[in-house]
Each structure stands twice: as C-alpha cells, then as structure tokens.
Amino acid sequence: STVSRNSLKSALLQLQCHFTWTLPKQDVDLDNLEETIGDQIEFFIKSNITNYNLLSYVCHLKNSNEEALRNLQKAEEEIKKNHPDEIARRSLVTWGNYAWIYYRMERYEEAQTYVNKVENSCKKLSSTAQQKIQLPEIYAEQGWALLKFGAKYYKRAQNCFENALKNEPNNPEFNAGYAIALYRLEGISHGRYEDVSLSLEPLKRAVELNPKDTFIMALLALKLQDLKRVDEGERYIEEAMQKTPDLPYFLRYAAKFYRKKGQVDKALEILKKALAVTPKSAFLHHQLGLCYRAKLFELKKPTGYPQVIQQQVEELIRLSIFHFKRVTDQKPKFFSAHTDLANMYAEAKRYEEAEETFQKAFQINILSHDDKQEFYYKYGNFQRFHMKLESEAIRYYIEGLKIEKDSYGGKKCRNALKKLLEQRIQRGLGDAADFGTLGLVHNLSGEKLEAIECYEKAIALHPDNEEYLSALCELQFSI
C-alpha cells in the first residue's frame, strides 16, 4: 500500500548509509572507482567491510542491483569473520544499504525488514532509541567513502574522521583516515593554507599507532620531503620498502618520492615493479609518463644537442605519450593526465592531437575552479609557445584570471599575462588593448599607479574607448 511506501521512504531517509551521505554519481568516474575498490580488496590486509559496502553502492549507481546485493553479502561474511561479537553494531551501514537497494528494486517487504533490523539494533545499542545513532565506525565509514568521491569531499571526510576520533582517539584506522584527509586537503590547496604542515603530526601519529601501514608511511615521507626534510623522509621509505616490497599502493608513492628527489631511474624501476602487480593502474601509468617527461626536460636543457640526444628525446616523448594516453583512455575524467598528454603532443609537434586533447580536458564534467584555471594557463601557454598566437594566449590567461584572482592558478595566469604583455610592449607591438589589459592586471595586483599609467597609454592610442575611460576614472577616484 502507498501509506507503507511513504512511511518506508521517510524511514529510509533516517538511515546512516551510502544512500543518505550525498555521494552523487556525477562526481566520480564509476568504472574507475569500481576497479580501485577491487584492487584494494585484493591487496590491502585491512578489513574489507567498508570496501564491499562502497562497492555495492557503486554497483547500484551502475544499475546492477543484483551485483550490489552480492557485495553486501560479502560485507556480511566479513563482519561475521572479523566481529563475531558485534554483528548488529557492525552491520548498520550494510543493512541500511540493503534496505535502500530493495526499495529501489520495488521489493518493499524486504526493504522494510532491513529498516526494522536497523531500528531494533539501534534501540538495543543506544538509550535514545533513534536510528540516527552516532557510532564512531559509521563516521569513519562515511569518511572513507567521501575520500573516494574526490577533492570537493575531502573537508567533509576530515570532519567525519574528527567525529570518529572523539570517541576512540587511539583507533589506528580513524587516525589514518584523518591524516589522509588532511594530507589531501593540503595537496589541493596549493599553499593556500598558511601552515602546510598540518598533516605532519597526524601522519606521524597514524604511523606510530600502526607501524605495519606502509601506505601511511609513504605519505609521511612525501610530507617530510615537501617540508625539505628529505633524508628523514627517505628513512621511512626505506623502512617501508623492507616491510612491503611488493605492495603496489606503497610502491607508487615510493616512486613519486624518488622522482621528486631527482632519482628518476630509481623511480622508474619501482614503478615497473608495481606495474607487474597491477598492470592496469592508471596512477602508475601517469607516474611513468611523468618520469619520462622529467628525463626529457633534463635532456633538453642544453641547446643545440647532437644527433644521439635527438633520438633519445624522440624516444622519451614517445614513451610519455604512450603512458599518458593509457591513462586518458582508461580514466576519461582524469584531468591532469589530459593536459599532460596535450602538452606532450605539442612537444612532438602533433598540434591537432594536442588541440583535441585540450578540448577533451575542458569537457570533463567534474572540473573544479582550480582545474579550470590550470586549463586556461596551460592552454594559453600552448597558444603562445607552440601555435605562436599571442592574442589567443592573452584571451585564455584572462579567462583564467576571471575565475578567481588570488588562487594559485589565478596567480600563474596573472604572471604569464603580465610577462607576455610587457614583452609585446617592449618589442613595440603594444596596442591599446595590450595597455588596457596590462592596466587590468596591475589593478588586480593592487598596483594602482602602474594601472593608471597603462590606462592613460591605452586611451592615448584609443581615445574614445569607454571601458578604459571608466576604469581610469574609478582608479583615480580610489586613490
């Protein structure tokens, strides 16, 4: 009957599970996420309850509900195996997911059964007889799911792990999740935080609480490397290498450490070893591409190189393109792999393919403001240095500036724009538009006197331009 269906729907909305945590499918690449979770189930030693629950949700999003139910059964088996004394407590998320999937399959009786299971367990577990029970492991499970759904959820993930830690401050898994969330937030902030080392202590603590977790050890090493404490970082990498010489999740970060340290051949060796274990990993192919690119830039430093080096250059470009292309084919939403590939096509003078790849990068539907600014900066550079179209470059740098002027990407666009305009003016090519734009750049940088000077020159060249006149009036008025 409809009444029970409506009451069922409102009961479902009270449950704590993936369906109520606002994890929209348009924010991730579902095929890729499914593969990642599969790899983690295969290679990680820790409890897989969380992974099977998330995998069932991903299967549901891909419209395979039968597969989703099978993964929930696997989650239940894991719970019986790992927590035989706390089955009800550990099953709340799994049962919540069951209820939702049956509801979506229009199997309302079964959905109601699982809603009842959750409600009865919550009553036993908590004095406040509410489904909204605040258990630390549920907060943590939500945190792990949010981390998988991408950068715009990292802050929420951090809050979830903070809540979990309130009850169990020494839980190794909660500490690891909290440290990872902070580390990733710093990674996308591009120095927007005053203190880039917020994650350092949490990472250290997570390593102390679980010395077997070499994945966290590697992140700690990378963080120490960022803070110019390279030797200290390397000691952690070496120790972890002794503990898990074959774990792909550790190896890929070890390789990143050596690439950033400038030991590119060592990084390549480690990546090839990891690739033997997980041959499809897009992360590894991306890192391989970055290594070949680093070797390429090293070779290109001197000018007028002999024939032998020319062959090596061509081979490195070919290898970089091969690996970057593997990534973009496999992960059509991996933005930086697309711009890396486009730039490599440009290095190879394959301009049509470069243009096409840039366009694909811009069409990815999950781009953040940061990504868009990065795009305008790199595409502007492509127009300027490869296509020799300075006016196009100027147009794209300005587009990037419009998004957000004080961000990392905004500053890159602004500096590139300023340099290009100044060069044009020095070469005697500066027209009214160049002076006007340079005036805008100075104004955005807070350099008002320089801005006024530029607008005056623009007006001298184009006396009745209203835009320049009003910009000039506004500036003179504000000084």
Inset, instruction - Within region 242-257, track down each residue that is in contact (Cβ under 8 Å) with a residue 40 or more places away in the chain and either surrounded by fewer than 19 Cβ atoms within 10 Å (Cβ to Cβ) or aromatic (F, W, Y) (or both). - result: Y249
Inset, instruction - With the checklist (1) under 26 Å from the mean Cα position of the chain (by Cα); (2) in a helix (DSSP H, G or I); (3) surrounded by fewer than 21 Cβ atoms within 10 Å (Cβ to Cβ) in hand, flag the one item H286 doesn't pass. - result: (3)
Inset, instruction - Scan region 462-477 for residues that are within 42 Å of the chain's Cα centre (by Cα) and open to solvent by less than 60 Å² (accessible area, probe 1.4 Å) and report the count. - result: 4
Inset, instruction - Taking E110 as the residue in question, decide whether it is free of Cβ contacts under 8 Å to residues at least 24 places away in the same chain and either surrounded by fewer than 18 Cβ atoms within 10 Å (Cβ to Cβ) or in contact with a helix residue (DSSP H, G or I) (Cβ under 7 Å, 6 or more places away or on another chain) (or both). - result: yes
Legend entry - Failed condition for L198, given (1) within 26 Å of S368 (Cβ to Cβ); (2) open to solvent by less than 70 Å² (accessible area, probe 1.4 Å); (3) not basic (K, R): (2)
Legend entry - Pair list, Cβ under 7 Å, 6 or more apart: region 141-158 residue of a type in the set (D, E), other residue modelled with pLDDT of 95 or more and open to solvent by less than 20 Å² (accessible area, probe 1.4 Å): E141/N53; E141/V93
Inset, instruction - Check off (1) exposed (fewer than 14 other Cβ atoms within 10 Å of the Cβ); (2) modelled with pLDDT under 95 for Q359 and give me the number that stays unchecked. - result: (2)
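So that you can scan it fast, the table gives a plain yes or no per residue for (1) out of contact with any Lys or Arg (no Cβ under 6 Å at 6 or more places or on another chain); (2) over 26 Å from D31 (Cβ atoms):
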| residue | (1), (2) |
| --- | --- |
| L268 | yes, yes |
| A276 | yes, no |
| P279 | yes, no |
| F283 | no, no |
| L288 | yes, no |
Inset, instruction - Would you check which residues across region 346-377 are without any contact (Cβ under 8 Å) to a residue 40 or more places away in the chain and of a type in the set (V, I, T) and list them? - result: T357, I364
Inset, instruction - Please determine, by comparing only the residues of region 10-52 that are under 13 Å from F149 (Cα atoms) and among the hydrophobic types (A, V, I, L, M, F, W, C), which one is surrounded by the fewest Cβ atoms within 10 Å (Cβ to Cβ). - result: L30
Legend entry - Residue satisfying condition, being open to solvent by less than 40 Å² (accessible area, probe 1.4 Å), of a type outside the set (A, V, I, L, M), assigned to a helix (DSSP H, G or I) and free of Cβ contacts under 8 Å to residues at least 40 places away in the same chain, within set E239, E315, E234, E298: E234
Inset, instruction - Answer yes if at least one residue in region 330-349 is part of a helix (DSSP H, G or I), open to solvent by 70 Å² or more (accessible area, probe 1.4 Å) and not hydroxyl-bearing (S, T, Y), and no otherwise. - result: no
Legend entry - In region 263-276, the residues that are buried (at least 22 other Cβ atoms within 10 Å of the Cβ) and not small (G, A, S): I270, L271
Inset, instruction - Look through A206, A240, A218 and report the one residue that is hydrophobic (A, V, I, L, M, F, W, C), at pLDDT 95 or above and farther than 20 Å from A181 by Cβ. - result: A240
Legend entry - Flag for I459 being surrounded by fewer than 21 Cβ atoms within 10 Å (Cβ to Cβ) and under 30 Å from E347 (Cα atoms): no
Legend entry - Unmet criterion (only one of (1) in contact (Cβ under 8 Å) with a residue 12 or more places away in the chain; (2) more than 18 Å from I188 (Cα to Cα); (3) within 24 Å of the chain's Cα centre (by Cα)) for A393: (3)
Legend entry - Checking N415 against (1) free of Cβ contacts under 8 Å to residues at least 60 places away in the same chain; (2) open to solvent by less than 60 Å² (accessible area, probe 1.4 Å), the condition it does not meet: (2)
Inset, instruction - Please work out which one of (1) in contact with a Leu (Cβ under 7 Å, 6 or more places away or on another chain); (2) of a type in the set (S, T, N, Q); (3) open to solvent by less than 40 Å² (accessible area, probe 1.4 Å); (4) modelled with pLDDT of 95 or more is the condition Q142 fails and give its number. - result: (1)
Inset, instruction - May I ask you to verify whether K260 is within 23 Å of the chain's Cα centre (by Cα), at pLDDT 95 or above and open to solvent by 20 Å² or more (accessible area, probe 1.4 Å)? - result: yes
Legend entry - helices (runs of 4 or more DSSP H) wholly inside region 2-79 containing at least 1 residues that are under 20 Å from A111 (Cβ atoms), in contact (Cβ under 8 Å) with a residue 40 or more places away in the chain and among the basic types (K, R): 2-14
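The values are calculated or read from the model by the stated rules, or taken from the named source; none is laboratory data. In this text, all values refer to a predicted model and were calculated from it rather than measured experimentally. Neighbour counts run over all protein chains shown; Cβ positions are idealised from the backbone, glycine included. Please note that ligands, DNA and RNA were not included when accessible areas were found on the heavy atoms of the full protein model with its side chains. Shrake-Rupley method; radii C 1.70, N 1.55, O 1.52, S 1.80 Å.
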